[in-house]
Amino acid sequence: MRNKNTLIIRQLDEKLAAFESAAQIQVPADGWIRTIRTSLHMTLRQLASRMQMTIQGITDLESREARGAVTLMSLREAAQALDMQFVYGFVPNADSLDSMVNAKSRELAKTIVLRTHQTMHLEDQANKEEAIDRAIDEVAAELKRNMTKLLWD
């Protein structure tokens with residue numbers, strides 16, 4: 001199972017890497033549709049005709065996009081009418097999905113190991129720091145290998 005999870009994450013990381021530079025782009029305050037339409041000197045009527053909508057429908061579409069309340073389908077249709085492609089994706093806040101899984105695994109492993117360490121400390125059987133670190137690494141590796149759902153609680 002580990003190889004399958006690792007392969008899937010690696011493949012997704014490769015796909016998502018293409019969006020890294022796009023994450024730096026600021027969405028125009030008026031939204032992409034209106035910004036592109038006006039930059040092309042395309043009128044509301046012209047875009048409405050291309051999308052088989054009314055002028056009011058285009059105005060509403062541009063307004064919804066600016067508010068972040070537009071559907072993906074509407075954005076695809078607008079892009080097509082503007083002779084463009086609409087693309088979307090996700091960019092991990094960590095360097096990659098793999099880094100995100102590593103961090104979550106380590107965080108959970110630390111909680112588990114330190115809980116056990118605290119119990120042992122109370123019984124005067126405390127471990128040395130390097131043994132604790134090694135245990136955290138081992139538990140983190142096991143959590144990642146099993147890709148447990150506990151990582152996301």
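For the reader, a short list of remarks on this structure follows.
- Residue of GLY89, GLY68, GLY31 that the Gaussian network model of the chain assigns the largest fluctuation, springs spanning Cα pairs under 10 Å: GLY68
- Counted without the sites themselves, the longest stretch of the chain free of chymotrypsin sites (Phe, Trp or Tyr not before Pro) in a DSSP loop having at most 13 other beta carbon atoms within 10 Å is 1-87.
- Helix-derived mean residue ellipticity, 222 nm - over the chain, DSSP H n ≥ 4, -39500 (n - 2.57), to 500: -21000 deg cm²/dmol
- Residue-count net charge about TRP152 - beta-carbon cut-off 15 Å; Lys, Arg +1, Asp, Glu -1: +2
- Reach of LYS4 by Cα under 27 Å, taken over lysines that are not fewer than 8 positions away in the same chain: LYS15, LYS104, LYS110, LYS144, LYS149
- Cα long-axis angle, helix 2-17 against the chain (0 to 90 degrees, to the nearest 10): 40
- Dipole in debye (nearest 20) - the chain, about Cα centre, beta carbon charges: Lys, Arg +1; Asp, Glu -1: 640
- Which of ALA81, ALA18, THR38, positive extreme of dipole for the chain (C-beta unit charges): ALA81
- The chain: relative contact order in percent, alpha carbon pairs under 8 Å with at least 6 residues between: 27
- Of the Cα atoms belonging to the chain, the radius of gyration and Dmax stand at 24.8, 80 Å.
Just so you know, all these numbers are worked out from the coordinates, no wet-lab data involved. These figures come from a predicted structure and were not determined experimentally. Neighbour counts are summed over all protein chains in view; Cβ atoms, including those assigned to glycine, are modelled from backbone coordinates with ideal geometry.
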